[in-house]
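Step one of this worksheet: look at the structure below.
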Amino acid sequence: KLEENHIHCAIFCSPHNPSGRVWERDEIERAMEIYKGHDCVVISDEIWADLTLPDYTHIPTQTVSKDARNRTVAIYAPSKTFNLAGLTGSYHVIYNSYLRDRVEKLSGASHYNSCNVLSMHALIGAYKPEGREWVDELRHVIGENVEYAYHYITSHFKGVSLARPEGTYMLFLDCEQWCQEHKKSLDELLRSGIEVGVIWQDGRPFHGEYAIRVNLALPHELVKEAMERLRKYVFTEAEKNS
């Protein structure tokens, strides 16, 4: 695709959203070799970097090789990890001075989404040792939620499939088989969940024709309640047939 479409700037999402895949070092190395071979500048979206699940480790794209360090614009933010999205505290890491000057010139021209005093102090506070301790605890809570929801869905919701995430706090459900078997559209399925208080998200903007995103960044008891509501009121036919 890079060659056919003459692409010279690519976005690399690590950890991957919406699948939750945490790329391994050799996978990132191979990707960066492909980008190097096609003279691609890489924008590495690493906003989920802090939220790997237990037993998985995020590897910054810029660390895999000298060339990767030089051709990559890495984008980070505390917003996903610390729920600070409204404060506008994202930042970039760019070692290549030519790329850094271009990014700063263009982004600084409008001052749109510029960092403010409150967001600076929030970011600094989040990245202190107390924040690290909190994130370590958060990762275990999300890990338990993912484990529970994954096994519940695969055991009870016949016709719904998903990959088990390795990072992020999102599930990406593929509901195509269920929708076709029950002659339901994805919009109807989405509405049926919302009507019983399960606020899930349309996955079509993430290129899944029958996909739904589920946020698991919440207390474990609420995850259990949501799964139970889906079993009793939404995927009822799947439960009867299982």
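Pairs meeting the criteria (first residue in the stretch 100-129 and in contact (Cβ under 8 Å) with a residue 24 or more places away in the chain, second residue surrounded by 11 or more Cβ atoms within 10 Å (Cβ to Cβ) and of a type in the set (Phe, Trp, Tyr), beta carbons under 8 Å, at least 6 apart or on different chains) are Cys115/Tyr91; Ala122/Phe82; Leu123/Tyr91; Ala126/Phe82. The set of residues in the stretch 193-234 that are touching a residue at least 12 places away in the same chain (Cβ under 8 Å), under 21 Å from Pro18 (Cβ atoms) and in a helix (DSSP H, G or I) comprises Gly193, Arg204, Phe206, Val223, Ala226, Met227, Leu230, Val234. Hey, does the stretch 190-212 have a residue that's over 28 Å from Leu53 (Cα atoms), surrounded by 19 or more Cβ atoms within 10 Å (Cβ to Cβ) and over 18 Å from the mean Cα position of the chain (by Cα)? No; the residues of the stretch 190-212 include none that is over 28 Å from Leu53 (Cα atoms), surrounded by 19 or more Cβ atoms within 10 Å (Cβ to Cβ) and over 18 Å from the mean Cα position of the chain (by Cα). Determine whether Gly143 is under 13 Å from Thr81 (Cα atoms) and among the small types (Gly, Ala, Ser). Here the answer is no, as Gly143 does not meet what is asked. Here is the figure for the stretch 23-64: residues that are on the phi > 0 side of the Ramachandran plot and touching a residue at least 12 places away in the same chain (Cβ under 8 Å) total 1. Inspect the stretch 176-183 for any residue being surrounded by 19 or more Cβ atoms within 10 Å (Cβ to Cβ), touching a helix residue (DSSP H, G or I) at 6+ places or on another chain (Cβ under 8 Å), of a type in the set (Phe, Trp, Tyr) and over 29 Å from Thr72 (Cα atoms) and give the result as yes or no. Within the stretch 176-183, one or more residues are surrounded by 19 or more Cβ atoms within 10 Å (Cβ to Cβ), touching a helix residue (DSSP H, G or I) at 6+ places or on another chain (Cβ under 8 Å), of a type in the set (Phe, Trp, Tyr) and over 29 Å from Thr72 (Cα atoms). Taken together, the residues in the stretch 62-87 that are crowded, with 16+ Cβ neighbours inside 10 Å and farther than 18 Å from Glu29 by Cα amount to 10.
Restricting attention to the stretch 182-192, the residues being without any contact (Cβ under 8 Å) to a residue 40 or more places away in the chain, part of a helix (DSSP H, G or I) and under 18 Å from Lys158 (Cα atoms) number 3.
Values quoted throughout were computed directly from the atomic coordinates according to the rules given, and no laboratory measurement underlies them. Computed from a predicted structure; not experimentally measured. Every residue, glycine among them, receives a Cβ derived from its backbone with ideal geometry; neighbour counts consider all protein chains shown.
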